[in-house]
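Worksheet: one structure, shown below.
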Amino acid sequence: MHKTVLITGGTRGIGKALVQHYCNHGYKVIATGSSEQSMENSRIAFEDVRWLVCNLKCVVSIEKFAMALGDQPLHMVIHNAGVQQSRDLFVAGDETIDIEDETMINFTGPIMLTRLLFDNVQRVSGTWVFVTSGLAIAPKQSSPIYCANKAGLRAFCKSFNGQIKLHNSDIKVCEAIMPLVDTDMTQGRGKGKISPQQAAQEIFDGAAKGKKEIHIGKIRILMKIRSLFPNLIENIMLKA
Ligand SMILES: NC(=O)c1ccc[n+]([C@@H]2O[C@H](COP(=O)([O-])OP(=O)(O)OC[C@H]3O[C@@H](n4cnc5c(N)ncnc54)[C@H](OP(=O)(O)O)[C@@H]3O)[C@@H](O)[C@H]2O)c1
């Protein structure tokens, strides 16, 4: 029997590479986009994938999406969709995504979806993957809400793992901590980015092992340096 994976934000970037990777490995893939329009090309490129709208800014859309899945068993759910808005708290009005929407997409929406799809995953002792960022550990000054959202998701993963232990459950929760990846989100900034394909491969491998934390690419070095010099990375990143 084919295992089923749900990937949010499968239209572009890391999500698109994840869709490709899981298809290549024989999974039945369900993927989401924020609108019918944004999924048009993806439907053509990945005909065997079940594409559904789940606009994470909108509670009704999240509920409708969960209803559409019904009691579909989910062996893996990858909360990948995300947005990052640069924001200077000293300069009002230079933003295209407001604070509520950014927090819904990055933090509240994925958690709501986790509650709504809890039984779909638990029934098959499945795996949850939450895509966070090195910025959850060492925030930069220029995207304060994004960094806070990802740090919140990181805390949520830790509490969730605590509850798994408490309930002696077989389900797994993995936090995939990303370095800079070459996608629309990072267009025109940063150096030494890894490809979305490398990110997808490392998420796939780490999730298959049920790792509580999947350290992708340079995050492995960041974690080592941080254990030796706890404040160094934070001080460097705050300048970005
Ligand atoms: N790129 C990096 O360097 C980097 C580093 C650390 C962490 N991450 C994390 O990795 C994940 C993927 O990032 P990426 O770089 O691949 O981003 P991306 O290329 O900008 O793609 C973003 C994805 O999120 C979806 N999305 C955006 N708004 C949404 C909404 N309102 N509702 C539902 N889905 C929505 C998009 O779907 P539509 O096209 O349908 O709108 C798209 O599939 C994010 O969680 C991001 O925070 C990325």
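Just so it is clear, none of the values below were taken in a lab; they were calculated from the coordinates. Keep in mind that what you see is a predicted model, and the values were worked out from it rather than measured. With ideal geometry, Cβ positions are generated from the backbone for all residues, glycine too; neighbour counts draw on all protein chains shown.
Full extension of the chain between R43 and N231 yields a length gain of 63.1 nm, computed as 0.36 nm times the residue separation minus the alpha carbon distance.
Result for the chain in a Gaussian network model with C-alpha springs under 10 Å: among R226, R189, R43, the largest mean-square fluctuation is at R189. Taking the inverse of the mean reciprocal distance over all distinct Cα pairs, the Kirkwood hydrodynamic radius of segment 149-240 comes to 14.9 Å.
Averaging the sequence gap over all C-alpha pairs within less than 8 Å and six or more residues apart, then dividing by the number of residues, gives segment 34-82 a relative contact order of 27 percent. Exposed loop sites here mean GluC sites (Glu not before Pro) with a DSSP loop assignment and at most 11 other beta-carbon atoms within 10 Å; the chain contains its longest site-free run at 48-240. Each other residue within a Cβ distance under 13 Å of A136 adds +1 if Lys or Arg and -1 if Asp or Glu, for a net charge of +2. Report the residue, chosen from V83, V173, V29, that carries the largest GNM mean-square fluctuation when the chain is represented by alpha-carbon nodes joined by springs under 10 Å. Of the options given, V83 has the highest mean-square fluctuation. For K172, a cut-off of 22 angstrom between C-alpha atoms picks up these lysines, skipping any fewer than 8 places away in its own chain: K3, K28, K150, K158, K209, K211, K212. Here the extension length gained between S159 and F118 equals 13.2 nm, from 0.36 nm per residue of separation less the Cα-Cα distance. Hey, what did segment 53-111 get for relative contact order, percent, Cα under 8 Å, at least 6 apart? Once divided by the residue count of segment 53-111, the mean separation gives 43 percent. Residues whose amide H falls under 5 Å from that of I7, counting only those 5 or more places apart or on a different chain, are I30, A31, T32, I78, with hydrogens built in the peptide plane. Residue exposure proxy: K212, K140, K239, ordered by other Cβ atoms within 10 angstrom of their Cβ from fewest to most, comes out as K239, K212, K140. Counting Cα-Cα pairs of the chain in 5 Å increments starting at 0 gives whole-percent bin shares of 1, 6, 14, 19, 21, 18, 12, 6, 3, 1, 0.
Once the Cα-Cα distance is subtracted from the 0.36 nm per residue extended length, the S142 to D94 segment shows a gain of 16.1 nm. Distances between placed amide hydrogens fall under 5 Å for C174 paired with W128, V129, F130, all partners being 5 or more residues away or on another chain. Relative contact order for the chain: 19 percent, from Cα pairs under 8 Å spaced at least 6 residues apart, divided by residue count.
Among G206, G70, G15, determine the one that fluctuates most according to a GNM of the chain built with springs between C-alpha atoms less than 10 Å apart. Comparing G206, G70, G15 in the GNM, the peak value goes to G70. Across segment 20-55, the residues whose backbone nitrogen lies under 16 Å from the label position 7 Å along the beta-carbon direction of H2 are 20-32, 43-52. If you find the alpha carbon centre of segment 181-203 and of segment 94-145, how far apart are they in angstrom? Spelled out, the Cα-based centre of one part sits 18 Å from the other. Each Lys or Arg adds one and each Asp or Glu takes one away; over the other residues whose Cβ falls under 12 Å from the Cβ of C147, this sums to +2.
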